[in-house]
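A short worksheet on the structure shown next.
Nothing in this text is a laboratory measurement; each read-out follows from the coordinates by a stated rule. Just so it is clear, the structure is predicted and the values come from calculations on it, not from any experiment. Virtual Cβ from ideal backbone geometry, glycine too; neighbours counted across all protein chains shown.
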Amino acid sequence: MSPSRPRRSSRDSPPLPQIQRIRLRDIAHIVELAQDDQWLQPRSPGRRLRREEGKRIYEISSMPVTDVIEMVARLLTKITQTNDRTHHDMHRNIPGQDGSAGITGASSSILAFHGKNVPSITIQSYLSRIHKYCPTSYEVFLSLLVYFDRMTEKVNQNAADWRQGRSRSGSTASHPQPTPPPQASSPVSGASSTAVESTISGLSVSDAYNMSHFFVVDSYNIHRLVIAGVTCASKFFSDIFYTNSRYAKVGGLPLVELNHLELQFLILNDFRLAVPVEELESYGTMLVQFYAREAITNTNLPGVLAPLAALAAPALALHEQNREGRT
């Protein structure tokens with residue numbers, strides 16, 4: 001008879017990792033943490049998060065809204081530029097509203113956001129303009145990432161289901177079957193997902209009809225998505241919001257078009273604008289981690305230049321004193 005093993009008491013078990021909340025002041029604070037804290041930087045392949053490291057939640061509620069706009073704009077700009085390079089052929093002969101018969105309802109809503117030309121104003125300037133003339137809270141701009149994520153999942157899943165249904169029915173003669181986009185790594189979290197931040201690659205495009213079934217955030221639709229999203233989110237998150245005519249004027253669209261885009265945006269989100277606090281915190285943390293990685297590799301970011309200038313100030317002052325002493 002083998003000796004019985006002593007039972008392990010709960011005291012001997014290692015403590016559960018603590019959730020550490022870090023309240024961020026501004027972008028310079030993120031850059032400072034990114035330079036000092038290796039946790040913010042991408043982990044090497046095969047390295048797992050140690051149990052004692054725990055989980056960190058970066059709270060951006062105390063940051064200026066303009067800083068949150070800078071981070072959101074940086075992420076959306078990277079997404080659109082990547083998708084523009086990957087899907088440069090998808091904009092040729094995209095069917096208009098009159099020629100979109102036969103496609104799914106969600107895909108028809110997506111076509112409403114597609115523009116014929118790329119607006120000259122940058123994403124950051126566009127977001128800053130909206131906030132200047134229609135001030136709102138940081139939740140409105142952060143929630144755009146949540147909504148775009150939901151829209152991506154809904155539209156692309158519906159398109160994949162539509163394709164399977166046509167395959168089973170054998171009715172594929174009139175139109176080619178759309179190829180569902182493969183999952184790609186997220187620039188925010190690095191995880192494989194169909195989220196808004198996915199940079200889809202390797203998608204086979206046979207024609208414009210094929211691509212019209214899928215939702216890809218690019219330079220042709222991002223501005224309309226943003227103004228429609230801000231219009232919807234402001235009414236949900238803020239006690240004070242503005243009329244659609246004001247949002248339309250600020251966004252550079254006719255009122256009738258913005259009203260239509262607002263409805264399509266709600267349809268693509270199943271009229272579900274509520275975002276749980278935990279989900280919003282998760283997106284905020286991922287956004288901070290994305291910006292921190294960008295700060296490590298890109299010295300052109302606003303928050304990167306400020307600390308470097310502060311470090312250089314004493315040396316420059318000493319240099320000026322020495323030069324004056326020599327003269």
For Y133, net neighbour charge (Lys/Arg +1, Asp/Glu -1) across residues whose Cβ lies under 14 Å away: +4
In nm, to one decimal, how far is the I296 label point from the Q81 one, both placed 7 Å along Cα→Cβ? 1.9
Note, R246: beta-carbon cut-off 14 Å, +1 each Lys/Arg, -1 each Asp/Glu, net +3
